[in-house]
Amino acid sequence: MLNTTLASTIWRHSENSLAGKALLAVGGTVLLALSAKVQVPFWPVPMTMQTFVVLILGIAYGSRLGASTGVLYLVEGAVGLPVFAKGVGIAYLIGPTGGYLIGFVIAMYVVGLLAEKHWDRSVIGIIGAMLIGEVIIFVLGVGWLATIIGFGKAIAGGLTPFLLAEIFKIALAASTVPFVWKRLTR
């Protein structure tokens with residue numbers, strides 16, 4: 001099956017069950033909230049493990065469930081649940097990190113589509129999918145941040161400090177996800 005995801009392979013009932021999808025989405029938002037709290041303080045954007053979790057959820061859940069999980073996460077934060085790195089509410093969504101947050105949802109969808117086309121089965125495919133997801137997140141994040149603090153400062157504070165950490169996150173995913181698929185298809 002071309003669009004089989006890790007989640008639907010591991011938990012076969014989730015593919016056709018609304019309750020299973022809801023449980024996966026809520027579980028995904030819990031992982032996103034926890035990853036937001038694992039951080040190195042930077043200004044204006046904190047360094048967290050969120051990009052890793054965002055892209056892994058997109059890969060594991062596929063395009064629709066991945067993006068739905070991302071939207072649910074944003075709604076949780078918008079209504080005041082403490083899921084974001086620093087802050088809550090609509091004001092946080094339009095603050096310095098707003099572009100990154102919107103980028104999360106779009107990246108989850110795109111990376112999920114790529115995973116549905118089996119990009120998640122090889123190291124090269126995972127690296128490609130993760131790089132595309134990272135570009136989406138950082139183009140939207142830095143672009144939005146630039147409207148607040150200017151382009152030069154947005155690059156210096158919203159991209160450059162994160163590059164090495166993002167390379168590490170991509171390497172971590174590339175070394176684990178294809179291994180999981182190999183174990184599942186034995």
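The residue pairs whose first member lies in the stretch 53-81 and is at negative phi, whose second member is open to solvent by 30 Å² or more (accessible area, probe 1.4 Å) and not in a helix (DSSP H, G or I), and whose beta carbons are closer than 6 Å, counting only pairs six or more residues apart or on different chains, are G77/V88. Remark: pairs (first residue in the stretch 159-175, β-branched (V, I, T); second residue part of a helix (DSSP H, G or I) and open to solvent by 20 Å² or more (accessible area, probe 1.4 Å); Cβ separation under 7 Å; 6+ apart in sequence or on different chains) = I170/I127; I170/L131.
Put simply, of S122, S63 the only residue that is under 18 Å from V180 (Cβ atoms) and surrounded by fewer than 23 Cβ atoms within 10 Å (Cβ to Cβ) is S122. With the condition kept exactly as written, say whether any residue in the stretch 98-108 is under 14 Å from I132 (Cβ atoms), out of contact with any strand residue (DSSP E or B) (no Cβ under 6 Å at 6 or more places or on another chain) and open to solvent by 30 Å² or more (accessible area, probe 1.4 Å). Scanning the stretch 98-108 turns up at least one residue that is under 14 Å from I132 (Cβ atoms), out of contact with any strand residue (DSSP E or B) (no Cβ under 6 Å at 6 or more places or on another chain) and open to solvent by 30 Å² or more (accessible area, probe 1.4 Å). For the structure I just gave you, tell me whether P161 is part of a helix (DSSP H, G or I), touching a strand residue (DSSP E or B) at 6+ places or on another chain (Cβ under 7 Å) and of a type outside the set (A, V, I, L, M, F, W, C). Yes. Would it be correct to say that L113 is part of a helix (DSSP H, G or I) and either open to solvent by 10 Å² or more (accessible area, probe 1.4 Å) or not aromatic (F, W, Y) (or both)? For L113, the condition - part of a helix (DSSP H, G or I) and either open to solvent by 10 Å² or more (accessible area, probe 1.4 Å) or not aromatic (F, W, Y) (or both) - is met.
Counting only residues that are surrounded by fewer than 19 Cβ atoms within 10 Å (Cβ to Cβ), small (G, A, S) and on the phi < 0 side of the Ramachandran plot, the stretch 85-94 holds 1 of them.
Scanning the stretch 139-186 for residues that are under 24 Å from S122 (Cα atoms) and open to solvent by less than 50 Å² (accessible area, probe 1.4 Å) yields A165, E166, K169, I170, A173, A174, V177, P178, W181.
The condition of being open to solvent by less than 20 Å² (accessible area, probe 1.4 Å), assigned to a helix (DSSP H, G or I) and not charged (D, E, K, R) holds for G70.
Close Cβ contacts (under 9 Å, 6 or more residues apart or on different chains) running from residues in the stretch 106-132 that are under 18 Å from G28 (Cβ atoms) to residues that are open to solvent by 30 Å² or more (accessible area, probe 1.4 Å) and small (G, A, S) comprise M108/S68. Of all the criteria given as (1) surrounded by 15 or more Cβ atoms within 10 Å (Cβ to Cβ); (2) outside any helix (DSSP H, G or I), the one not satisfied by P82 is (1).
No other residue among I56, I106 is within 10 Å of the chain's Cα centre (by Cα), under 22 Å from E166 (Cα atoms), modelled with pLDDT under 95 and β-branched (V, I, T) apart from I56.
The values are calculated or read from the model by the stated rules, or taken from the named source; none is laboratory data. Source: prediction; values computed, not measured. Positions of Cβ are backbone-derived with ideal geometry, glycine not excepted, and every protein chain shown enters the neighbour counts. Ligands, DNA and RNA are stripped out before the accessible areas are found, and what is left, the full protein with its side chains, is counted by its heavy atoms. Shrake-Rupley method; radii C 1.70, N 1.55, O 1.52, S 1.80 Å.
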